[in-house]
Amino acid sequence: MKDRSFFIRTFGCQMNERDSETLAGMLSDLGYRETTDRNKADVIIMNTCSVRENADRRFFGNLGQLKRIKEERPDVIIAVCGCMMQQQHIIDTLKSKYTWVDLVFGTHNIHEFPKLLGNVLDERKKVVDVWDQADEIVEGLPAQRKHPYKAFVNIMYGCDNFCSYCIVPYTRGRERSRDPEAILEEVKALVADGVLEITLLGQNVNSYRGQIRNQDKEEAGGGTVMDSSGEYVSFAGLIHMLNEVEGLKRIRFTTSHPKDLSDELIDAFASCEKLCPHIHLPVQSGSTRILEKMNRKYTKEEYLELVEKLRRKTPDIAITTDIIVGFPGETEEDFEETLDIVRKVGFDSAFTFLYSIRKGTPAENFPDQVAEEVKHERFNRLVEEVNRISAEKNRALVGQVVEVLSEGKSKTNKALYTGRTGGHKLVNFKADEDVTGRMVKVLITESSTFSLTGRAV
Ligand code: 5AD
Ligand code: SF4
């Protein structure tokens, strides 16, 4: 049989990256191998993101380029999937304007991809199959991982929070938690395969609530992990459970909603030695008035209290965040509240976003949309402040010895190894021997805004 290959382009968050690993695993099982050359691939998949408008635009731009490939090689299969496909107006646009697409599927039926691809290949027809809702969580799908030593592990899917700007509850559906046994089994298999660090994924991991089904409850960790019903494991409980996995070195998670950050989880940073001292805690805005319009369900003061609590228990914890600038109705005073919270917390780093109108979300119809030039001006001021603080935080690490999971040689400088600290800071460092895939103590000698430099000691 001819050597067949696939190319996947992934937009958006770690959820999508993880989904793409599943698609790659399925294709690998079907006998395809991955290629980095889109022009030669037999199957091209675009896994899309709809969280902001520029992701939409980049997708359509990329899809436009595929027309020529399809004209030159009519046998190539062009498939599109992911969050954008969960919106009817996108499907309509694809059908009317992007006729070279062969297969469209969504976030809820990714497990059906091999069958859908088979239908396209066998019947030489276009297939559009998008589900409005998810069935039961499908376990046991294959995955072809991107990284040898670290892995993403989904623990829950969907989001029930309906922040007023956000499309995710519409594209990823209602919250569903995986069973703790299934997660434990996956993590053990990853560790057996050489993985040292796992990142637990969910839109709001703090509301994880996994049902214990088959296993002996004592074996699952007994009373320490179960909530009062005795049937469900909380997110902190799950971390306690995974903390016991032999051979696993590090546990991370993303993303947590401040409104659901429990004391139990704050305590887990101290009591679970494998849980990395880092929390990504999206604040979105520093203005209580805007937070309310965003439907975030916490105030500026409550957020600051959480930060204080976290630091009281875990003084060296790294705190990172997401911030939206220019939400409808945001005034200069509101924006200054955001700058103020950024300074008060002192985030280790922050992802900053210009507010982007999403069709179908409540904020789409809010009055007082902020003018583009005002948004950009505030955005630049915010980034400057965020970067200044990141640089300061990094500078404070110079002269210290940190533990890094070495992922191998740096892509940009082959003389250096690269990896991250427990606080998720990027470190490039010299080492006398091959330290790939090891936990290495590194003395930090230099710092910049986005990374650290050092040498193994
Ligand atoms: N506009 C701008 N940023 C957004 N985000 C989510 N929706 C929007 C939007 N409509 C940001 C939030 C979220 C991150 C993943 O993306 O900050 O935490
Ligand atoms: Fe979107 Fe809010 Fe859910 Fe995060 S918590 S995915 S911002 S709706």
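The values are calculated or read from the model by the stated rules, or taken from the named source; none is laboratory data. Note that the structure is a prediction, hence the values are computed from the model and not measured. Heads up, the Cβs are rebuilt from the backbone with ideal geometry, glycines too, and the neighbour counts pull from every protein chain shown. Surface accessibility is based on the protein's heavy atoms, side chains included, excluding ligands, DNA and RNA. Shrake-Rupley method; radii C 1.70, N 1.55, O 1.52, S 1.80 Å.
Taking segment 230-259 as the range and being over 13 Å from Val153 (Cα atoms) and of a type in the set (S, T, N, Q) as the test, the residues that pass are Ser234, Asn243, Ser256. Look at segment 198-228 and say how many of its residues are at pLDDT 60 or above and in contact with a His (Cβ under 9 Å, 6 or more places away or on another chain). Adding up the residues that qualify gives 6.
Residues that are surrounded by fewer than 20 Cβ atoms within 10 Å (Cβ to Cβ), within 27 Å of Gly202 (Cβ to Cβ) and within 16 Å of ligand 1 (Cβ to nearest atom) occur in segment 57-76; there is at least one.
Can you say whether Lys40 is out of contact with any Pro (no Cβ under 9 Å at 6 or more places or on another chain), over 20 Å from His111 (Cα atoms) and in contact (Cβ under 8 Å) with a residue 12 or more places away in the chain, as far as the supplied structure shows? The answer is yes for Lys40.
Applying the condition of being within 26 Å of Gly158 (Cβ to Cβ) and not in a helix (DSSP H, G or I) to segment 82-99 and asking which residue is most open to solvent (accessible area, probe 1.4 Å) yields Gln87.
Scanning segment 419-439 for residues that are hydrophobic (A, V, I, L, M, F, W, C) and either part of a loop (DSSP other than H, G, I, E, B) or open to solvent by 30 Å² or more (accessible area, probe 1.4 Å) (or both) yields Leu426, Ala431, Val435, Met439.
Scanning segment 361-392 for residues that are open to solvent by 50 Å² or more (accessible area, probe 1.4 Å) and in contact (Cβ under 8 Å) with a residue 60 or more places away in the chain gives Pro362, Phe366. Restricting Arg311, Arg395, Arg358, Arg388 to those that are among the basic types (Lys, Arg) and touching an Asp or Glu at 6+ places or on another chain (Cβ under 9 Å) reduces the list to Arg358.
Close Cβ contacts (under 8 Å, 6 or more residues apart or on different chains) running from residues in segment 420-449 that are within 23 Å of Gly346 (Cβ to Cβ) and not assigned by TED's automatic domain parsing to the domain that holds Ile279 to residues that are part of a loop (DSSP other than H, G, I, E, B) and of a type in the set (Phe, Trp, Tyr) comprise Leu426/Phe450. Taking only segment 9-55 into account, find how many residues are in a helix (DSSP H, G or I), within 16 Å of ligand 1 (Cβ to nearest atom) and out of contact with any strand residue (DSSP E or B) (no Cβ under 8 Å at 6 or more places or on another chain). Residues flagged as in a helix (DSSP H, G or I), within 16 Å of ligand 1 (Cβ to nearest atom) and out of contact with any strand residue (DSSP E or B) (no Cβ under 8 Å at 6 or more places or on another chain) within segment 9-55 amount to 2. For segment 235-263, the tally of residues that are touching a Cys at 6+ places or on another chain (Cβ under 9 Å) and among the aliphatic types (A, V, I, L, M) stands at 4.
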